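A short worksheet on the structure shown next.
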Amino acid sequence: MTTDDAPAAETALAAALERARVGVRVALAGPAGACLRLRAVALGAGAEDDEIHVHATEAGTAEVFCAHCSTATATAVGVDGVVPCTGCGRDLVVYHHVSRRLGQYLGFQVDAETLPAGDVLVGLRETQ
């Protein structure tokens, strides 16, 4: 099947894999983000890694899962780039980890490890 509509491709792939019984191979070609989502559909249907072949034809857009509010934000920003979350508005670092289940990159607040100005850590003592 060939389509320009990723959601339609997800539906068609899920239906085809539901009818499949044994010896199925899945070949995916298209923008990287769409391939990640379709790969997640195939894995969710029970396909194994060695039964799936992926060929990204272009970078395109991908989804970034916000670790803070669980919203998925579509972006063309690559790994290590920063994108504003459409859910909570935090600036997210696009981390290299991709969820096999969701087909989305992990995103977390860019300055999550930086203490806001004026905040003090309580309960820490100097050691001698």
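Going residue by residue through the range 67-74, is there one that turns out to be modelled with pLDDT of 95 or more, closer than 23 Å to Leu43 by Cα and not small (Gly, Ala, Ser)? Yes, because at least one residue in the range 67-74 is modelled with pLDDT of 95 or more, closer than 23 Å to Leu43 by Cα and not small (Gly, Ala, Ser). Applying the selection to the range 37-64, what residues are farther than 23 Å from Ala15 by Cα and surrounded by fewer than 13 Cβ atoms within 10 Å (Cβ to Cβ)? The answer is Thr57, Glu58, Ala59.
Taking Thr86, is it of a type in the set (Val, Ile, Thr), open to solvent by 70 Å² or more (accessible area, probe 1.4 Å) and at pLDDT below 95? If you could, list the steps in order and put the result at the bottom.
Values: of a type in the set (Val, Ile, Thr): yes; open to solvent by 70 Å² or more (accessible area, probe 1.4 Å): yes; at pLDDT below 95: no.
No: the conditions fail for Thr86.
The condition of being of a type in the set (A, V, I, L, M) and open to solvent by 80 Å² or more (accessible area, probe 1.4 Å) holds for only one of Ala34, Ala67, Ala27, that being Ala27. Going by what's in this entry, would Gly23 be described as part of a helix (DSSP H, G or I), at pLDDT below 95 and not hydrophobic (A, V, I, L, M, F, W, C)? Against the criterion (part of a helix (DSSP H, G or I), at pLDDT below 95 and not hydrophobic (A, V, I, L, M, F, W, C)), Gly23 does not qualify.
Every condition in (1) in contact with a Lys or Arg (Cβ under 7 Å, 6 or more places away or on another chain); (2) over 23 Å from Ala14 (Cβ atoms) is met by Ala76 except one, and the failing one is (1).
The values are calculated or read from the model by the stated rules, or taken from the named source; none is laboratory data. What you see is a predicted model; the values in this text were computed from it and never measured. Because the Cβ atoms are built from the backbone with ideal geometry, glycine has one as well, and the counts that use them run over all protein chains shown. In case anyone asks, the SASA skips ligands and DNA or RNA and just uses the protein heavy atoms, side chains included. Shrake-Rupley method; radii C 1.70, N 1.55, O 1.52, S 1.80 Å.
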